[in-house]
Amino acid sequence: MEKIKAVCYLLASWLCINTTNAQHTLIVKVNEPKADIQPTMWGIFFEDINLGADGGIYAELVKNRSFEFIKPMMGWTIQQSKKADPQIAAMNPPVLVINKKDANTANPRYIRVTVNDAAKGDIGLTNEGFRGMGIKKDLRYDFSVMYHQDAPGIKMHIELVDSNNNVLGGTTVTPYEAGIVWHKIAASFTANATVMKAKMNIWFEGNGVIDLDMISLFPSDTWKNRPGGMRADMIQKLADLHPGFIRFPGGCIVEGYDLEHRYQWKKTLGPIEERQLIINRWNTEFANRPAPDYFQTFGLGFFEYFQLAEDIGAEPLPILNCGMACQFNSAEVTTIDELDPYVQDALDLVEFANGDVSTKWGKVRADMGHPAPFNLKMMGIGNENWGPQYVERLKIFTKAIKAKYPNFKLINSSGFAPDGSLFNYLNDTLRAMHADFIDEHYYRSPEWFFSNVKRYDTFPRNETKIFAGEYASHVNGTNAEQKNCWLSALSEAAFMTGLERNADVVSMASYAPLFAHIDGWQWTPDLIWVNNLQSYGTPDYYVQQMYSLNKGTKVIPVTMDNNAVTGQDSLFATAAIDATTNEVIIKLVNASNKSQKNTISLQGIKKLAAEGKSVVLKSNDLYSVNSFSEPTKISPHESAITIKGKSIALDAAPYSFNIIRVKML
């Protein structure tokens with residue numbers, strides 16, 4: 001923390017150079033629109049990192065429900081009464097893992113439970129959940145399990161318990177179907193208390209042998225109350241951002257640390273018991289934050305991603321593997337003569353999203369419950385890939401996709417950094433190829449964000465657009481002590497004025513990463529933090545929300561002393577008109593430690609409304625953070641302002657991000 005304070009102090013000193021209390025006059029030329037702001041300008045990027053999917057937005061509470069983790073019983077504990085002889089139990093285990101890979105390659109494992117005259121408490125299973133199970137009082141929980149047995153004779157007691165083994169609720173199920181066919185049985189119960197880290201017990205009673213798979217427990221309050229759906233509070237956080245697009249599923253998990261473990265969208269479709277689990281690429285990536293129990297079950301698959309995009313009104317933006325694994329890991333590539341299946345996956349994805357129900361993949365979509373198309377307009381080919389080997393493969397993808405779908409937009413990688421020889425090679429090459437979008441990523445210091453506000457001022461104004469696909473201000477590297485302080489958010493707010501001001505160059509932008517679980521993160525900072533029951537937006541979240549809710553439709557010039565406002569006296573500004581509401585929208589960041597008085601003069605209009613709206617995000621403490629105890633410590637405050645004539649008086653508080661909206665008459 002002392003290092004953070006030192007960094008903040010140095011940066012604050014740097015920002016305050018030449019800052020005075022002088023009166024500033026900003027000129028906004030309303031009648032000189034410069035560029036269209038795309039509806040997709042501000043979006044979100046989801047990757048299954050930091051327990052973002054399993055243990056996060058996918059609301060399943062049971063970890064390793066299908067016993068497909070590398071260690072089949074990871075997350076499970078076999079419970080036996082003290083009267084059981086441990087040596088006999090070892091010789092004739094009551095729970096045995098069965099693997100029938102030849103019969104079911106997607107989900108080969110299940111467990112076989114054998115009980116003899118068992119009473120409740122003699123033999124059972126306990127599941128620990130994803131860092132525990134968050135349980136809410138008076139909420140219904142839905143249990144289900146797939147089973148087969150030669151003959152009935154076993155009763156199962158399901159219960160949730162807290163750390164002191166107090167029962168929080170439960171139910172009993174009696175599987176009655178017999179034979180070799182798998183059956184599903186389900187039951188529901190209501191919890192009697194709220195507990196952050198509960199666990200689930202299954203006690204067996206009776207005689208017999210039963211095979212079990214897909215042991216599941218979901219809360220009933222999922223997003224849109226969909227059975228087996230997503231965690232509602234987390235999705236609501238996304239909906240509240242009103243994003244123009246959602247990029248998914250990554251990120252580095254698209255590449256995989258080798259090609260065998262790359263993301264394959266076709267394996268994420270269909271019944272959940274037929275979706276093939278793989279290890280999460282972030283499982284062991286960071287030695288300081290190992291997550292050996294981190295896998296992708298694909299309960300959240302491509303159908304659910306498209307459905308989510310539709311739910312929150314965002315354009316879907318899937319990213320596909322280009323035949324290259326992560327170049328920081330194995331750096332595997334498929335040979336060119338074996339690239340066809342990868343290209344076909346891309347073509348089939350467009351058909352899955354948009355195809356008529358009479359097509360092969362359109363029918364798959366319809367059979368999953370969505371006969372209408374998802375209206376996919378774009379996709380990314382590769383993620384943070386670089387070098388001639390990437391370009392060689394990209395050209396093959398581009399030729400095939402454009403031949404079949406000429407108006408479809410493709411996002412191309414510029415690597416992992418916004419500068420250097422790797423970036424320059426790709427930037428030059430992709431522009432020569434007339435790329436639709438170049439995807440730039442920057443995880444940099446606050447100083448970088450403040451000093452790069454003019455980055456796109458000199459970029460070519462042509463058909464190749466910029467997608468700022470991943471960015472975040474890192475105050476002191478990635479560590480647990482700096483979960484998105486106000487300094488990171490303030491520097492991003494300043495940088496984003498440059499993105500909006502150059503909307504004819506930049507068409508899309510998204511912060512990364514999106515989610516982090518307080519007990520299961522691998523990477524910081526992150527936009528939204530969660531535990532098993534709660535979620536909160538960081539100061540960076542509110543910066544993103546303020547931009548998205550106040551996007552406008554056309555950029556208009558805002559100047560100070562005839563220059564764009566890009567850091568003079570630590571001020572940064574952009575302006576737009578919103579043709580749908582007939583309003584002028586002005587965004588201004590005061591990055592200094594002093595209040596600054598500004599007169600904003602609007603030219604080229606007849607009249608302004610007598611009252612406008614002000615939205616302010618601020619803190620006097622640059623390293624202040626939001627938290628579960630103070631989730632809105634730094635959050636926007638809205639108020640009405642009085643307008644006189646064609647000028648607006650804006651007294652910008654120290655370290656503040658300000659938005660003014662006023663209607664034109």
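Val616 meets the stated requirement of being surrounded by fewer than 20 Cβ atoms within 10 Å (Cβ to Cβ), in contact (Cβ under 8 Å) with a residue 40 or more places away in the chain, over 30 Å from Gly55 (Cβ atoms) and within 29 Å of the chain's Cα centre (by Cα). A count restricted to the stretch 199-238 and to residues that are more than 20 Å from Asp138 (Cβ to Cβ) and acidic (Asp, Glu) stands at 3.
The set of residues from the stretch 162-177 being more than 22 Å from Arg109 (Cα to Cα) and surrounded by 19 or more Cβ atoms within 10 Å (Cβ to Cβ) comprises Leu168, Gly169, Gly170.
For the stretch 529-541, filtering for residues that are surrounded by fewer than 24 Cβ atoms within 10 Å (Cβ to Cβ) and either modelled with pLDDT under 95 or not in a loop (DSSP other than H, G, I, E, B) (or both) leaves 3. Pairs are defined by a Cβ separation below 6 Å, a sequence spacing of at least 6 or placement on different chains, a first member in the stretch 65-79 that is of a type in the set (Asp, Glu), and a second member that is buried (at least 20 other Cβ atoms within 10 Å of the Cβ); the pairs so defined are Glu68/Leu277. Tell me whether the stretch 74-93 contains one or more residues that are crowded, with 21+ Cβ neighbours inside 10 Å, of a type outside the set (S, T, N, Q), touching a strand residue (DSSP E or B) at 6+ places or on another chain (Cβ under 6 Å) and not in a loop (DSSP other than H, G, I, E, B). Among the residues of the stretch 74-93, at least one is crowded, with 21+ Cβ neighbours inside 10 Å, of a type outside the set (S, T, N, Q), touching a strand residue (DSSP E or B) at 6+ places or on another chain (Cβ under 6 Å) and not in a loop (DSSP other than H, G, I, E, B), which makes the answer yes. Condition check: of a type outside the set (A, V, I, L, M, F, W, C), touching a residue at least 40 places away in the same chain (Cβ under 8 Å), closer than 23 Å to Gly387 by Cα and out of contact with any Asp or Glu (no Cβ under 8 Å at 6 or more places or on another chain). Does Pro292 satisfy that? In short, no.
Taking the condition within 19 Å of Ser656 (Cα to Cα) and not in a loop (DSSP other than H, G, I, E, B), does Glu447 pass? Walk me through how you get there before you give the answer.
Details: within 19 Å of Ser656 (Cα to Cα): yes; not in a loop (DSSP other than H, G, I, E, B): yes.
Spelling it out, Glu447 is indeed within 19 Å of Ser656 (Cα to Cα) and not in a loop (DSSP other than H, G, I, E, B).
Would you confirm, using the coordinates I've provided, whether Asp504 is part of a loop (DSSP other than H, G, I, E, B), more than 26 Å from Ile57 (Cα to Cα) and in contact (Cβ under 8 Å) with a residue 40 or more places away in the chain? Let's see the steps before the verdict.
Working: part of a loop (DSSP other than H, G, I, E, B): yes; more than 26 Å from Ile57 (Cα to Cα): yes; in contact (Cβ under 8 Å) with a residue 40 or more places away in the chain: yes.
So Asp504 fits the description; yes.
Those residues that are assigned to a loop (DSSP other than H, G, I, E, B) and among the hydroxyl-bearing types (Ser, Thr, Tyr), I need them from the stretch 592-650; list them, please. Answer for the stretch 592-650, where residues must be assigned to a loop (DSSP other than H, G, I, E, B) and among the hydroxyl-bearing types (Ser, Thr, Tyr): Ser592, Ser595, Ser619, Tyr623, Ser624, Ser627, Ser629, Thr632, Ser635.
The sole residue among Ile180, Ile202 that is in a strand (DSSP E or B) and crowded, with 20+ Cβ neighbours inside 10 Å is Ile202. Here Leu308, Leu259 are screened, and the one residue that is closer than 28 Å to Met368 by Cα and crowded, with 21+ Cβ neighbours inside 10 Å is Leu308.
Would you confirm whether or not the stretch 637-651 contains a residue that is of a type in the set (D, E, K, R) and under 29 Å from the mean Cα position of the chain (by Cα)?
Here is the first cut: in the stretch 637-651, the ones of a type in the set (D, E, K, R) are 638, 644, 646, 651.
Narrowing the set further to residues that are under 29 Å from the mean Cα position of the chain (by Cα) leaves 638.
Checked against the condition, which is being of a type in the set (D, E, K, R) and under 29 Å from the mean Cα position of the chain (by Cα), the stretch 637-651 yields at least one hit.
When Phe286 is tested against (1) under 26 Å from Ile235 (Cα atoms); (2) over 18 Å from the mean Cα position of the chain (by Cα); (3) part of a loop (DSSP other than H, G, I, E, B), only condition (1) is not met. When Lys587 is tested against (1) out of contact with any strand residue (DSSP E or B) (no Cβ under 7 Å at 6 or more places or on another chain); (2) surrounded by 21 or more Cβ atoms within 10 Å (Cβ to Cβ), only condition (1) is not met. Restricted to the stretch 409-428, and to residues there that are in a helix (DSSP H, G or I) and of a type in the set (A, V, I, L, M, F, W, C), the residue that is surrounded by the most Cβ atoms within 10 Å (Cβ to Cβ) is Leu426.
Regarding Pro636, is this residue in contact with a Lys or Arg (Cβ under 7 Å, 6 or more places away or on another chain) and in contact (Cβ under 8 Å) with a residue 24 or more places away in the chain? No; evaluated as a whole, the condition is false for this residue.
The values are calculated or read from the model by the stated rules, or taken from the named source; none is laboratory data. Keep in mind that this is a model prediction, so the values were computed, not measured. Note: ideal-geometry Cβ built from the backbone for every residue, glycine included; neighbour counts use all protein chains shown.
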